[in-house]
Amino acid sequence: MDKIIKITLGFFIVILLLFSSVVSYTSYIDTTYRTSLTGTYVYTCNITTDTVLSNVTLFLPVPADLKRNSPLDAQISGQHVSGVPNDWTMTLFDTGKATLLKVTAPTIGQPAVNGSAQTTVITIGVNASSHSLIDTRSPVENAAVFRPVQSIHTVACPVGDVKNDSTPECSEYLTSIYADYTAAPSASVSISASLEVTNSWKIFSPEFNGYKNRIYVLMLGDNHGWVTTRGWLESGIGTYDAPKIVS
């Protein structure tokens with residue numbers, strides 16, 4: 001009888017140690033994941049012109065969610081934007097369908113020199129971070145992208161982006177920007193914007209997932225109004241085997 005009791009007691013001690021180890025391991029994984037998790041937004045917008053633009057008003061794309069809230073709101077409102085010329089005035093503007101960055105400037109660009117066009121490229125950028133998990137699988141529905149999003153459809157992803165540990169989904173859609181300026185009939189003006197969003201964490205090694213969003217528009221001569229262009233979105237990049245955060 002004593003032998004049976006000893007064996008049973010030993011068995012329960014082993015079970016208790018295993019249970020404690022599992023609880024400790026799970027707690028370590030959860031705590032490490034929560035404390036190391038960082039979401040980042042990297043936004044860049046380029047305005048390129050080969051001549052002088054006068055009386056300029058632009059509504060540049062800014063990432064926002066379905067409620068038109070932008071993760072860049074605090075940075076832009078606080079004027080924490082890199083690359084902004086001194087004579088620009090910038091404010092966030094809600095059109096009712098999208099959140100855009102309103103830019104006004106007396107001129108943008110340089111006149112030709114000895115008959116040769118002088119290309120001007122202005123690059124503005126904003127970075128923001130978040131300690132909450134960003135939905136990088138379904139950003140159109142649950143995160144911030146360039147809006148409005150219309151006629152969205154799936155397209156093939158770049159071959160190099162599809163890897164064993166990453167099965168992203170790529171889409172194209174129609175969106176629009178506003179540009180009002182006067183320029184020579186031969187003027188070539190382009191606006192491009194990019195957004196890279198990443199969740200990163202480290203448990204035993206660094207891991208990440210994310211999505212990318214791009215738009216590009218080319219305009220010739222004067223422009224005085226809205227321009228429809230294409231947006232491109234690649235979501236579901238990286239790994240999704242991280243622990244689930246339970247509130």
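The values are calculated or read from the model by the stated rules, or taken from the named source; none is laboratory data. Just so it is clear, the model here is predicted, and its values are computed rather than measured. Cβ sites come from the backbone with ideal geometry, for glycine too, and all protein chains shown count toward neighbours.
Just a few scattered comments:
- Scanning region 88-145 for residues that are of a type in the set (D, E, K, R) and more than 27 Å from residue 238 (Cα to Cα) yields 94, 97, 102.
- Residues of region 172-204 satisfying the condition of being within 21 Å of the chain's Cα centre (by Cα) and either small (Gly, Ala, Ser) or outside the structural domain of residue 128 (by TED's automatic domain parsing) (or both): 176, 190, 192, 193, 194, 200
- Just so you know, in region 108-148 the residues that are of a type in the set (A, V, I, L, M) and assigned to a strand (DSSP E or B) include one that is surrounded by the most Cβ atoms within 10 Å (Cβ to Cβ), and it is 145.
- Meets criteria (closer than 22 Å to residue 200 by Cα and at pLDDT 90 or above) for residue 72: yes
- Qualifying positions in region 77-94 - out of contact with any helix residue (DSSP H, G or I) (no Cβ under 8 Å at 6 or more places or on another chain), outside any loop (DSSP other than H, G, I, E, B) and more than 11 Å from residue 124 (Cα to Cα): 77, 89, 91, 93, 94
- Residue match in region 152-169 (condition: part of a strand (DSSP E or B), of a type in the set (Lys, Arg) and more than 24 Å from residue 48 (Cα to Cα)): yes
- Residue within region 66-87 that is free of Cβ contacts under 8 Å to residues at least 60 places away in the same chain, of a type in the set (D, E, K, R) and farther than 26 Å from residue 211 by Cα present: yes
- Test: residue in region 166-179 that is closer than 19 Å to residue 46 by Cβ and among the small types (Gly, Ala, Ser): yes
- Residue under evaluation residue 103, criteria (1) part of a helix (DSSP H, G or I); (2) of a type in the set (A, V, I, L, M); (3) in contact with a Leu (Cβ under 6 Å, 6 or more places away or on another chain), criterion not met: (1)
- Within region 116-147, being more than 16 Å from residue 198 (Cα to Cα) and of a type in the set (A, V, I, L, M) holds for 117, 121, 122, 124.
- Evaluating residue 93 against the criteria (1) at pLDDT below 95; (2) under 28 Å from residue 50 (Cα atoms); (3) in contact with a Pro (Cβ under 9 Å, 6 or more places away or on another chain) leaves one unmet condition, (3).
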